[in-house]
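> Submitted below is the structure of interest, expressed as structure tokens.
The values are calculated or read from the model by the stated rules, or taken from the named source; none is laboratory data. On a predicted model such as this, the values are computed, not experimentally measured, just so you know. Don't worry about glycine lacking a Cβ; one is built from the backbone with ideal geometry, like all the others, and counts go over all protein chains shown.
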């Protein structure tokens, strides 16, 4: 997993449904190339293979349900995520929380499959538990800030700082990223100054009128770090 | 929903992952055109948009989690299924069972979105409850036969007959299809003779060495009905 | 199941925790005896056996997870509900929604175990599906009214009437009861006038200062029906 | 939480349903008094309050769903577990696995409520994550051994040793206990020799013909430690 990183989560937003997923991914790709920073996109499951064959930047799955392919109607297997062209995966997003035991197995499998693995958690202690499972990064996101436009890096900096400290002390190989409420380049800058190595965000980029311009703003603070 | 119908469920099989999903869908399309029968494919979520833009036959989603687009990381919204190019949806497959209350709302939304709606159920009484929700079709599939190669139309014909009878008596607008364990054209023929209007199957087609030949065999009994 | 019935759901209210569960159950028992009406109590799982050995009126479980006893830590089996002294069970309450397929099996098992079976549903169509499974009664409760003090019998009478009509037409052996937002004897009276055969309520009784007086008010409209 | 400890999980076994739960708890109480060792019982939710008022030894809940009392039909709140008379709680048993984020909140609440908190986990790494959440103890139990009679302390000693080591290194305040497949006093002895501070078991005690005699055998190795 190349750090620092900007991950754009398309969630199940209508603004990123169907062909629009490819358009936003292409805007992100252009920014990545121009700034020389690592920008990954996480489209809905429905467009994962389509987006993956359309752009050269990392494509992350928003989650997975089981480890191996098989008779799992309507479920997503880690190995198939890889097969569909993704190079990373987000697990345990607060909108798709996983059982601890499943999460442990999915992290292990995703690493074995060569995927970048980001595990989300709502607070420092849960982030520490997530880090214990050995992902590449934990993304600390207080759920009460997600989608509010009140950036965690400004409104709950102590949450970010405490997570960075706790994770570094026990599991120094695991990076900490953050994201809830990130709206602007300034918020991203603040997040990096608090010691995180990247940002996971959604609506700010997906719902922007001009995707290219907004992603450019959001990604710029990562350049040169 | 055009009847009779053959629906091929790709599940999360590795044999239908990535580009292979498109290949199987194209084989199904060829059979559909040649025989003039309705063959639908239900790829994994991961390849839904990709398959939908690659073939002209109906593409069904294997399921959905919520009704409308929004901030639902790793979830699939009914409206986005439509946006991704699908024309139908399978709900409550025994491998992805839904809460009754959610199922009721998803069926209503999928119908409103103009999708063909198939609800699966394990036995006659549960099929009757599913039919009460107003889908286009119920698919009765005893879970203990799914994936066994022992066709419900041969090993549990009474389950099929009882379902057809119960559903017809109370909700005559809802078609009954079936599927568990269907392996051959002969099994499909038997299912139709029992009064069903179609077949939902998976491994027989997906794991076949020659997809075109096997789907041709499975679809042939529908021709002219 | 003796009709008409007043069912008092203790939920996980602190006001009905520990010994207080027994106190409320005894108040209900006194009302039942004095008015000669059927009043059932549904304590939390935690106090089920304790309440069942303390009173002579019907005790209902608030739900169950599996059918038979076994190695199911933290789960409740239908047969053990009976063994703990209960004579009825509420399934699919909107706060504990069940998968259709599980619900179908739990209803069948609970009936086989000789329990009274009440299945909750949020609207007429879902109530019809619930009735198709063969419980003794369905309880139609629009979730948006539960706990609001705005009685379904006043604010959504058409929901109640439509449910009574639909269920009677297809499954005349299944009684319809209702409940959301019921606060007063007047609300209960209105519910019965709409054609229901009982009421399921919670906070009005459990949070009352004088349990006996409030339950007496709520049960009185059932006397003589 | 008093260590070492023997915890007897009644699961949803028919052998521990209804009044039988009290009988087994009384046998455990007698052993506890005679040997002077800490023996706790974890009855089904259905008998929790009944057992808690019948014996003087620690009574543990088999789990909980939410933190605070409220409108949660068929769910168990941590605070109500305390109110029902329990002094401890088992969380995340492999038969009742919890989402990481919920588990983190339930552990915190249970500690705040003054309950002994045991979190189960299937392997060393997941145990480490569980320990990060700050319970009194983690119980490492490979699910494939649960209920088999093949004791983890004999068949997977390396799992136990690795867990003890990992947890001690990072979170030395958290005790490690174990249990899967424990059948005899000898198995308990082996578990303690591997560095654990207690044993969590179920069928060996619950399904014994003579509860007192079997629990005496199982608890004896804890005496004097």
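> So, of the residues in the range A:11-40 that are touching a strand residue (DSSP E or B) at 6+ places or on another chain (Cβ under 6 Å) and within 13 Å of chain B (Cβ to nearest Cβ), which turns out to be nearest to residue A:146 (Cα to Cα)?
It comes out as A:12.
> Examine the range A:209-216 for a residue that is crowded, with 23+ Cβ neighbours inside 10 Å, closer than 26 Å to residue A:17 by Cβ and in contact with a helix residue (DSSP H, G or I) (Cβ under 7 Å, 6 or more places away or on another chain), and state whether such a residue exists. Full working, then the answer.
Let us first name the residues in the range A:209-216 that are crowded, with 23+ Cβ neighbours inside 10 Å, namely A:211, A:215.
Okay, now just the ones that are also closer than 26 Å to residue A:17 by Cβ, so A:211, A:215.
Subsequent filtering for residues that are in contact with a helix residue (DSSP H, G or I) (Cβ under 7 Å, 6 or more places away or on another chain) retains A:211, A:215.
There is at least one residue in the range A:209-216 that is crowded, with 23+ Cβ neighbours inside 10 Å, closer than 26 Å to residue A:17 by Cβ and in contact with a helix residue (DSSP H, G or I) (Cβ under 7 Å, 6 or more places away or on another chain).
> For residue D:146, are the conditions met, namely being part of a loop (DSSP other than H, G, I, E, B) and crowded, with 17+ Cβ neighbours inside 10 Å?
Numbers: part of a loop (DSSP other than H, G, I, E, B): yes; crowded, with 17+ Cβ neighbours inside 10 Å: yes.
In short, yes.
> Of the conditions (1) touching a helix residue (DSSP H, G or I) at 6+ places or on another chain (Cβ under 6 Å); (2) within 21 Å of residue D:166 (Cβ to Cβ); (3) free of Cβ contacts under 8 Å to residues at least 60 places away in the same chain, residue D:221 clears all except one; give me its number.
The one condition residue D:221 does not meet is (2).
> For the range C:122-143, what are the residues that are crowded, with 24+ Cβ neighbours inside 10 Å, touching a strand residue (DSSP E or B) at 6+ places or on another chain (Cβ under 6 Å) and at pLDDT 95 or above?
Listed by number, the residues that qualify are C:127, C:130, C:131, C:135, C:137, C:138, C:139, C:140.
> Also, I was wondering about something else. Residue check: is residue A:87 surrounded by fewer than 21 Cβ atoms within 10 Å (Cβ to Cβ), closer than 30 Å to residue B:148 by Cα and at pLDDT 95 or above? Explain how you work it out, then say what you get.
Details: surrounded by fewer than 21 Cβ atoms within 10 Å (Cβ to Cβ): yes; closer than 30 Å to residue B:148 by Cα: no; at pLDDT 95 or above: yes.
For residue A:87, the condition - surrounded by fewer than 21 Cβ atoms within 10 Å (Cβ to Cβ), closer than 30 Å to residue B:148 by Cα and at pLDDT 95 or above - is not met.
> Quick one: would you say residue D:205 is under 30 Å from residue D:52 (Cα atoms), in a helix (DSSP H, G or I) and either within 14 Å of chain C (Cβ to nearest Cβ) or at pLDDT below 95 (or both)? Quick ask: steps written out before the conclusion?
On the way: under 30 Å from residue D:52 (Cα atoms): yes; in a helix (DSSP H, G or I): yes; either within 14 Å of chain C (Cβ to nearest Cβ) or at pLDDT below 95 (or both): yes.
For residue D:205, the condition - under 30 Å from residue D:52 (Cα atoms), in a helix (DSSP H, G or I) and either within 14 Å of chain C (Cβ to nearest Cβ) or at pLDDT below 95 (or both) - is met.
> Related question: With the structure loaded, tell me whether residue B:64 is surrounded by 19 or more Cβ atoms within 10 Å (Cβ to Cβ), within 30 Å of residue A:180 (Cβ to Cβ) and more than 7 Å from chain A (Cβ to nearest Cβ) or whether it fails that test. Steps first, answer last, please.
Working: surrounded by 19 or more Cβ atoms within 10 Å (Cβ to Cβ): yes; within 30 Å of residue A:180 (Cβ to Cβ): yes; more than 7 Å from chain A (Cβ to nearest Cβ): yes.
Answer is yes for this residue.
> Related question: Here are A:29, A:34: which of them is under 30 Å from residue B:65 (Cα atoms), at pLDDT 95 or above and surrounded by fewer than 23 Cβ atoms within 10 Å (Cβ to Cβ)?
Details: A:34 fails: under 30 Å from residue B:65 (Cα atoms).
Residue meeting the stated conditions: A:29.
> More than 28 Å from residue C:168 (Cβ to Cβ) and either modelled with pLDDT of 95 or more or out of contact with any helix residue (DSSP H, G or I) (no Cβ under 7 Å at 6 or more places or on another chain) (or both), is that true of residue B:168? Walk me through how you get there before you give the answer.
Details: more than 28 Å from residue C:168 (Cβ to Cβ): no; either modelled with pLDDT of 95 or more or out of contact with any helix residue (DSSP H, G or I) (no Cβ under 7 Å at 6 or more places or on another chain) (or both): yes.
Criteria not met by residue B:168.
> Now for a separate question. Find the residue count for the range C:178-193, including only residues that are over 14 Å from the mean Cα position of the chain (by Cα) and not in a helix (DSSP H, G or I).
2
> Taking residue A:147 and the conditions (1) farther than 29 Å from residue B:147 by Cβ; (2) at the interface with another protein chain (Cβ under 7 Å from one of its Cβ atoms); (3) more than 17 Å from the chain's Cα centre (by Cα), which numbered condition does it fall short on, given that it satisfies the others?
Result: residue A:147 fails condition (3) only.
> Something else about it: Suppose the filter is at pLDDT 95 or above and either surrounded by 24 or more Cβ atoms within 10 Å (Cβ to Cβ) or more than 14 Å from chain B (Cβ to nearest Cβ) (or both); does residue C:180 pass it? So that I can check it myself, show each step before the final result.
Numbers: at pLDDT 95 or above: no; either surrounded by 24 or more Cβ atoms within 10 Å (Cβ to Cβ) or more than 14 Å from chain B (Cβ to nearest Cβ) (or both): yes.
No.
> Failed condition for residue A:42, given (1) touching a helix residue (DSSP H, G or I) at 6+ places or on another chain (Cβ under 6 Å); (2) crowded, with 24+ Cβ neighbours inside 10 Å, with all others met?
In the conditions (1) touching a helix residue (DSSP H, G or I) at 6+ places or on another chain (Cβ under 6 Å); (2) crowded, with 24+ Cβ neighbours inside 10 Å, residue A:42 misses (1) alone.
> Among strands (runs of 3 or more DSSP E) lying entirely in the range B:69-140, which contain 1 or more residues that are under 20 Å from residue B:156 (Cβ atoms), more than 13 Å from chain A (Cβ to nearest Cβ) and touching a residue at least 24 places away in the same chain (Cβ under 8 Å)?
Working: elements: B:88-91, B:116-121, B:137-140.
So the answer is B:116-121, B:137-140.
> In this structure, is residue B:49 facing chain A (nearest Cβ under 9 Å), crowded, with 24+ Cβ neighbours inside 10 Å and more than 14 Å from the chain's Cα centre (by Cα)? Show your work before the answer.
Details: facing chain A (nearest Cβ under 9 Å): yes; crowded, with 24+ Cβ neighbours inside 10 Å: yes; more than 14 Å from the chain's Cα centre (by Cα): yes.
Here the answer is yes, as residue B:49 does meet what is asked.
> Just to be sure I understand, how many residues within the range A:120-148 are in contact with a helix residue (DSSP H, G or I) (Cβ under 8 Å, 6 or more places away or on another chain) and closer than 13 Å to residue A:201 by Cα?
Count: 6.
> Against the definition (within 14 Å of another protein chain (Cβ to nearest Cβ), in contact (Cβ under 8 Å) with a residue 24 or more places away in the chain, surrounded by 24 or more Cβ atoms within 10 Å (Cβ to Cβ) and touching a helix residue (DSSP H, G or I) at 6+ places or on another chain (Cβ under 8 Å)), how does residue A:163 come out, yes or no? Before you say what the answer is, go through the steps one by one.
Values: within 14 Å of another protein chain (Cβ to nearest Cβ): yes; in contact (Cβ under 8 Å) with a residue 24 or more places away in the chain: yes; surrounded by 24 or more Cβ atoms within 10 Å (Cβ to Cβ): yes; touching a helix residue (DSSP H, G or I) at 6+ places or on another chain (Cβ under 8 Å): yes.
Considered against the rule, which asks whether it is within 14 Å of another protein chain (Cβ to nearest Cβ), in contact (Cβ under 8 Å) with a residue 24 or more places away in the chain, surrounded by 24 or more Cβ atoms within 10 Å (Cβ to Cβ) and touching a helix residue (DSSP H, G or I) at 6+ places or on another chain (Cβ under 8 Å), residue A:163 comes out as yes.
> How many residues are over 25 Å from residue A:129 (Cβ atoms) and buried (at least 24 other Cβ atoms within 10 Å of the Cβ) when one looks only at the range D:188-203?
First, the residues of the range D:188-203 that are over 25 Å from residue A:129 (Cβ atoms): D:188-190, D:192-193, D:201-203.
So of that shortlist, the ones also buried (at least 24 other Cβ atoms within 10 Å of the Cβ) come out as D:188, D:201-202.
Number satisfying all stated conditions: 3.
> If you go through the range C:167-188 one residue at a time, do you hit one that is farther than 30 Å from residue B:119 by Cα and touching a strand residue (DSSP E or B) at 6+ places or on another chain (Cβ under 6 Å)?
Here is the first cut: in the range C:167-188, the ones farther than 30 Å from residue B:119 by Cα are C:181-188.
Filter once more, so that each one left must be touching a strand residue (DSSP E or B) at 6+ places or on another chain (Cβ under 6 Å): C:182, C:188.
So far as the range C:167-188 goes, yes, one or more of its residues are farther than 30 Å from residue B:119 by Cα and touching a strand residue (DSSP E or B) at 6+ places or on another chain (Cβ under 6 Å).
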